[in-house]
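Report on the following structure.
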Amino acid sequence: MGQIQTNHTMTTYQLTASLLCVLLGVGVMNLPRTLTVDIGTADGWLSILCGGLIITLQYAFVCFAFKRHNVHSIDEYTTKAFGAFLSKAICLLLASYFLLLGGWQAVAMSEMIRYFLLESTPHYVTIVTIILLCAYAVYYSLPTIVRVACFFLPLTVVVLFLVLLIGFKDASILNIRPVAPKGMLPILLNSKNGLQSFQGIEMIFILLASIQKTTRPIKAGVGALLFSTLLYILTYIIVVATVGTVEVQLLTWPTITLTHASESSLLFTERADSFLITTWILQFFLTSLFTLYSAVFLLKKVFPISRNWLIPPATITMIGLALWPQTIDDITKVSEYQQFAFVSFFFVLPVACYALVSLRKKARL
C-alpha cells in the first residue's frame, strides 16, 4: 500500500468520470423535493437549467485562469495570489470544507440505508464504517481511485436511466403545467438551490494537478456538467410529473419512491428501487472517497509530514463532522455554511486569485 500519488496520468475520460462521480450524489435522490419545496411550483427544472449554465461558465473560467497563470492546483494559485501564509490558511479551510462535504455524503448514505435496508442499525455505525472504508481506499494512489470511479459510473448512469424509463410510463404532463405561473423571478431566485446541486465540481481544484498534458479539462468538465444538468432535469421532470407537485414535497427520497410501484423484470430484480439503492450507495461512497482524498491532498500542503500520517486525523475529523449535527437547527446551520462555502470557494476565490496574480504581473512590467 503506497503513499498517495499525484502522477500526471488522468485522461480526459477519466477526468470526466471523476467529476461526474462527485456531481451525481445526493442531488439526484432528493433534488425534486428540495426545489419543489423552495419554489412551490413544478418549475424547479428551470432553476436547474439556470444553475447548470452558471456553473458551466464559472468552470470554464477556472480552467482558463489556471492555464493562463500556469498553475496546476489551488494551493499553487493561492500562494501566487496571497503569499505562503494566507495560502496555507485557505487550504486548511478548503480541506475542512471537503471533510464536511464528504461527511454529509456519508450521513445521506446512512439515512438511505437505515430507511430502506437496515432499520434497526444505528446510523453512527453505518457512518463510521463508510468513512473508514474511504480512509482505507485513500491510502492507494489517485489512479486507483479513478479506475474504481470509471468502473462504477456507467453502471450508475444505466440504472438511473432505466429507472426513469420505468417511471416515464406513469408520468402526466399536467403535473408540470403551467410553466412559470408566478413569473421568472421566483425561478431565478431559486437558482441558488440549483447551484447547490452541482456541489463537488470544485474538486477540479485538486484533480487538475494529476492530468496529462494532452488532457482537455474544459472539454471534460463542461461535458460532465452538461450531462449532469440533463440528468437532473430529466429526473426532476419525470419524478414530479409522476408523483405530483404536492406529494413530492412530502417525500424524503422521491426518486426512489418513483420506483416503488414499478415492477422491474427488465433489471432482473424484484423491485427497481432495490437496484437503484444499491448502485447509489456506491455513488455516495465514491463522492466521500474523492472528498477525503482532496482534503488530505490540501492538508499535505499545510503540514510538512507524510500523507499517510495525515489520513487518520482527517478521517477522525470527517467522522466528527458527520456525527455533530443533532438537531434541526444544527442541520440548518451546516447546510447554510455549505452553501456559503461553495459559493466562496468556487466563485469568489478563483476570481480573486486571477485578479491579484494578473495585477502582480502587470506591476512587474
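Structure values in brief
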item: Qualifying residues in the stretch 23-47 (those that are at pLDDT 75 or above and not in a helix (DSSP H, G or I)) - the one surrounded by the most Cβ atoms within 10 Å (Cβ to Cβ); result: Leu24
item: Pairs, first under 11 Å from Thr11 (Cβ atoms) in the stretch 139-150, second part of a loop (DSSP other than H, G, I, E, B), C-beta under 8 Å, six or more apart; result: Pro143/Gln5; Pro143/Asn7; Pro143/Thr9
item: Residue that is surrounded by the fewest Cβ atoms within 10 Å (Cβ to Cβ), among those in the stretch 48-79 that are touching a Leu at 6+ places or on another chain (Cβ under 8 Å) and more than 26 Å from Leu231 (Cα to Cα); result: His72
item: Residues (modelled with pLDDT under 90, of a type in the set (Val, Ile, Thr) and part of a helix (DSSP H, G or I)) located in the stretch 298-332; result: Ile328, Ile331, Thr332
item: Helices (runs of 4 or more DSSP H) wholly inside the stretch 114-204 that include at least 2 residues being under 18 Å from Val239 (Cβ atoms); result: 142-168, 191-196
item: Candidate set: the stretch 125-179, residues that are among the aromatic types (Phe, Trp, Tyr), within 24 Å of Ser274 (Cβ to Cβ) and touching a helix residue (DSSP H, G or I) at 6+ places or on another chain (Cβ under 7 Å); chosen: the one surrounded by the most Cβ atoms within 10 Å (Cβ to Cβ); result: Phe152
item: Residues located in the stretch 251-270, provided they are at pLDDT below 60 and surrounded by 14 or more Cβ atoms within 10 Å (Cβ to Cβ); result: Ser262, Ser264, Leu267, Thr269
item: Filter result (at pLDDT below 90, over 15 Å from Thr34 (Cβ atoms) and among the hydroxyl-bearing types (Ser, Thr, Tyr)) within the stretch 333-346; result: Tyr337
item: Inter-residue pairs, beta-carbon under 7 Å, first more than 21 Å from Cys63 (Cβ to Cβ) and modelled with pLDDT of 85 or more and in the stretch 222-250, second among the aromatic types (Phe, Trp, Tyr) and assigned to a helix (DSSP H, G or I), 6+ apart; result: Ile233/Trp45; Tyr236/Trp45; Ile237/Trp45; Ile238/Phe168
item: Residue within the stretch 201-218 that is within 25 Å of the chain's Cα centre (by Cα) and among the acidic types (Asp, Glu) present; result: yes
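The values are calculated or read from the model by the stated rules, or taken from the named source; none is laboratory data. Just so you know, these numbers come straight off a predicted model, no measurement behind them. Counting neighbours? That spans all protein chains shown, and the Cβs are built from the backbone with ideal geometry, glycine included.
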